[in-house]
Amino acid sequence: MRLDGSLKKIVSRFGFVQKGLPNLNTSRLASNIISSLASKNIKKRGCSCPGNANKPLLTGFSAGDIMSFNPVTPIPQVGGADLENNKLDSFRSFVASMIAEFSGKSAEDILALLEVPKNSDHGNIAIAIPKLRVQGNPSQIAKQWVEKFSPNEYITSCTASGHYLNFEINKLLLANILLDDIYKRKEKYGTNQSGAGKKALVEFSSPNIAKPFHAGHLRSTIIGNFVKNVHDANGWETIGLNYLGDWGKQYGLLAVGFEKYGTERELLNNPIKHLYDIYVKINKDVDEDETINDQARAYFKKMEEGTLTFSYIIYIKNLIISYSSGDETSLILWKKFRDLSIEKYKDTYARLNINFDVYSGESQVSNESNNRALDILKEKNILKESDGALIIDLKQYKLDIAVVQKNDGTTLYITRDIGAAMERYEKYKFDAMYYVVASQQDLHLKQLFKILALMGFEWVDRCKHINFGMVNGMSTRKGTAVFLDDILEQTKESMHEVMRQNEKKYSQVENPDQVADIIGISAVMIQDMSAKRIRNYTFKWDRMFSFEGDTGPYLQYAHARLCSIERNCGFEINPNIDISLLSEKSALDLIDMVAQYPDFVKGALNTLEPCTIVTYAMKLSHTVSVALETLWVLGQEHKIAEARLLMYWACRITLGNALKLLGLTPLERM
């Protein structure tokens, strides 16, 4: 056929045949383009197609369409594919449709089974034939399907490797589509709307008032912030909630301790540190005088009942003097402790680039909700009395016994958690609620969820515990806690010393103190998020100060290096580049890595593991480093320099988006 021959000549002249796609079957591709053109609605291009569908093809579609990587083959519509937000899904849709035609299986089901080959020599998309559950020898089936394969502009080759079927994609076409998408979306690249219309409530950080914000609290804070960010990136509406530990006997103990050791001046100067010192001292006193515990319990009972009067508060170091005698002021001292602590916490959160939508706490759960919870438990015969206390026997579920009310009538943590869960669902009608709490509380959260289920709340299935390992070597009670502010200050100073070693670069940094702080925070956070969150680790200063290998400072350096290429090149980003100039293997590998980012964002929603994004950011940075060894921008012919600059700019956007997803602030200079 004359047209067939013409297209073969056009296809054979593609630069990428020799450079990037050596396995391309030009005869099959030409034939397949003809078939695709015949089925396409050419009227959209101002042409008609009466009678013979092939007749007006060259009128509607020029050779330039193909040479400029404008595909004409319609993308199959496959359920589960996100063609708008994930450009790799266009290629996967073709593969899924081909396999569906070969196997008779659903293309949507096949799409979910597609993999990225571990060995890049095996192509870009793969599927294990046994997963399809088709009858016959998987290896033989793979070979048979290779024979049936026809290439198109998207999928250029298909090979069999044992029971795997491997597909090679048109990487330059991917580059063209991808770079255009990133140029348009910029900071939105990688996000999607799969969670649109859904609401997630994320409870995280949740330090105890009057206890230090240490590395243990850091884990909940940065993991919880990541969980929130991932849901945001996947189109959910999110609410970040800080559920402070601001109630209980320990506040009675703190009040007693403040009378003995506290001062107004030190409280206002550094509330967290001062209250922590008091907490440690009064706990040591308890070891010698058990009656202090009795005083603390009595104080807290009056706090819950709201019956502690000004005459009692005035006794606590004469701290509160602005209320007239006879006022109900049982919560005044506690409120002062709480408000001052929150203001101090906010400074630390701001430093970590974290904001909360709601500051709540145990104290904010109303007595009405607590009483309503107890009433429901009684109505459903879930409660039992034991030595004057109210308990729930969960032994049949292998969850031991939960005490919900002490014999003195005061509530416990789990009582308030039940009331809080009820209030939250009534207020927010969430689709998911996450408790980002250490694995040390696994039993507590299992008890909570089981109790809510026994109470008949169907929404309990939406409650999930995001647990993580402990940071060993700390105890607020023993006075050996390491304050997070101290960690951040020391990492900042350590980074400052490193920065000062290069006087020329140091002088170019506008705000070296702030940059050193961000790099120090990056070091702390990436070290903490590099492994799966369930793993325990022992707190060590040298671990936080490590600036070699796969670290936070390395990621910041990779981002800053990409920014410097843009600053120093001497020309603006041009989105209309010649894609064929990016045909080197290291360039195509880089495009492939950037294209995978939306997969990692979507996958992170399933695992909620920060380490997946850390690993991606490291791989991207390494791939950039390899490319920069040979693919320079400065000193190159202008069109080549423009093409490479756009590629590196897209890498910078993608790496920056990944760092922000982790909760970091990407640096432009360091």
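The values are calculated or read from the model by the stated rules, or taken from the named source; none is laboratory data. Because the structure is a prediction, the values reported are computed rather than measured. In this analysis, Cβ positions are derived from the backbone assuming ideal geometry, glycine residues included, and neighbour counts consider all displayed protein chains.
Going through (1) without any contact (Cβ under 8 Å) to a residue 60 or more places away in the chain; (2) surrounded by 19 or more Cβ atoms within 10 Å (Cβ to Cβ) one by one, A617 falls short only on (1). If you scan the range 367-419, which residues turn out to be touching a residue at least 40 places away in the same chain (Cβ under 8 Å) and over 21 Å from W247 (Cβ atoms)? Hits for the range 367-419 are I376, K380, I382, L394, Y397, L399, D400.
Annotation note: Cβ proximity below 9 Å between a residue of the range 591-603 that is polar (S, T, N, Q) and a residue that is part of a helix (DSSP H, G or I) and surrounded by 19 or more Cβ atoms within 10 Å (Cβ to Cβ) (sequence gap 6+ or interchain) occurs for Q596/L88; Q596/Y616; Q596/L620. Those strands (runs of 3 or more DSSP E) of the range 321-415 in which at least 2 residues are modelled with pLDDT under 95 and under 30 Å from T238 (Cα atoms), considering only elements entirely within it, cover 358-361. A single entry from S205, S194 fulfils the requirement of being in contact with a His (Cβ under 7 Å, 6 or more places away or on another chain) and not in a helix (DSSP H, G or I): S205.
Going through (1) farther than 27 Å from K505 by Cβ; (2) assigned to a loop (DSSP other than H, G, I, E, B); (3) at pLDDT below 95; (4) not aromatic (F, W, Y) one by one, N574 falls short only on (3). For the range 358-383, the set of residues classified as out of contact with any strand residue (DSSP E or B) (no Cβ under 9 Å at 6 or more places or on another chain) and at positive phi consists of N381 only. How many residues does the range 638-665 hold that are buried (at least 21 other Cβ atoms within 10 Å of the Cβ) and not in a helix (DSSP H, G or I)? Number of matching residues: 2.
In the range 517-538, the residues that are part of a helix (DSSP H, G or I) reach residues that are among the aromatic types (F, W, Y) and buried (at least 22 other Cβ atoms within 10 Å of the Cβ) with C-beta atoms within less than 8 angstrom, at least six apart or across chains, in these pairs: M529/F226.
The residue that is farthest from K249 (Cα to Cα), counting only those in the range 287-316 that are aliphatic (A, V, I, L, M) and modelled with pLDDT under 85, is I314. Close contacts from the range 502-516, counting a first residue that is charged (D, E, K, R) and a second that is in a helix (DSSP H, G or I) and surrounded by 10 or more Cβ atoms within 10 Å (Cβ to Cβ), with Cβ to Cβ under 8 Å and a gap of 6+ residues or different chains, come to K505/M499; D513/K492; D513/H496. Only one of the numbered conditions (1) modelled with pLDDT under 95; (2) more than 20 Å from the chain's Cα centre (by Cα) is violated by L179, and that is (1). Reported count of residues in the range 232-284, each being more than 28 Å from M433 (Cα to Cα) and not in a helix (DSSP H, G or I), is 3. Screening the range 219-278 for residues that are small (G, A, S) and more than 28 Å from L352 (Cα to Cα) and picking the one that is surrounded by the fewest Cβ atoms within 10 Å (Cβ to Cβ) gives G248.
Looking at (1) over 23 Å from D180 (Cα atoms); (2) in a loop (DSSP other than H, G, I, E, B); (3) not hydrophobic (A, V, I, L, M, F, W, C), which is the one condition that is false for G603? Result: G603 fails condition (2) only.
Can you find a residue that is more than 27 Å from the chain's Cα centre (by Cα), among the aromatic types (F, W, Y) and not in a helix (DSSP H, G or I) anywhere in the range 478-489? Among the residues of the range 478-489, not one is more than 27 Å from the chain's Cα centre (by Cα), among the aromatic types (F, W, Y) and not in a helix (DSSP H, G or I), which makes the answer no. Would you confirm whether any residue within the range 478-487 is surrounded by 16 or more Cβ atoms within 10 Å (Cβ to Cβ), of a type in the set (V, I, T) and under 26 Å from I222 (Cβ atoms)? Within the range 478-487, one or more residues are surrounded by 16 or more Cβ atoms within 10 Å (Cβ to Cβ), of a type in the set (V, I, T) and under 26 Å from I222 (Cβ atoms).
Of all residue pairs spaced 6 or more apart or on separate chains, those with beta-carbon atoms under 6 Å, a first member in the range 421-448 that is farther than 25 Å from K395 by Cβ and a second member that is part of a loop (DSSP other than H, G, I, E, B) are D431/K198; V436/F204.
Taken as a whole, the condition of being touching a His at 6+ places or on another chain (Cβ under 8 Å) and of a type in the set (S, T, Y) does not apply to Y154.
Only one entry in L165, L172 is in contact (Cβ under 8 Å) with a residue 60 or more places away in the chain, of a type in the set (A, V, I, L, M) and part of a strand (DSSP E or B), namely L165.
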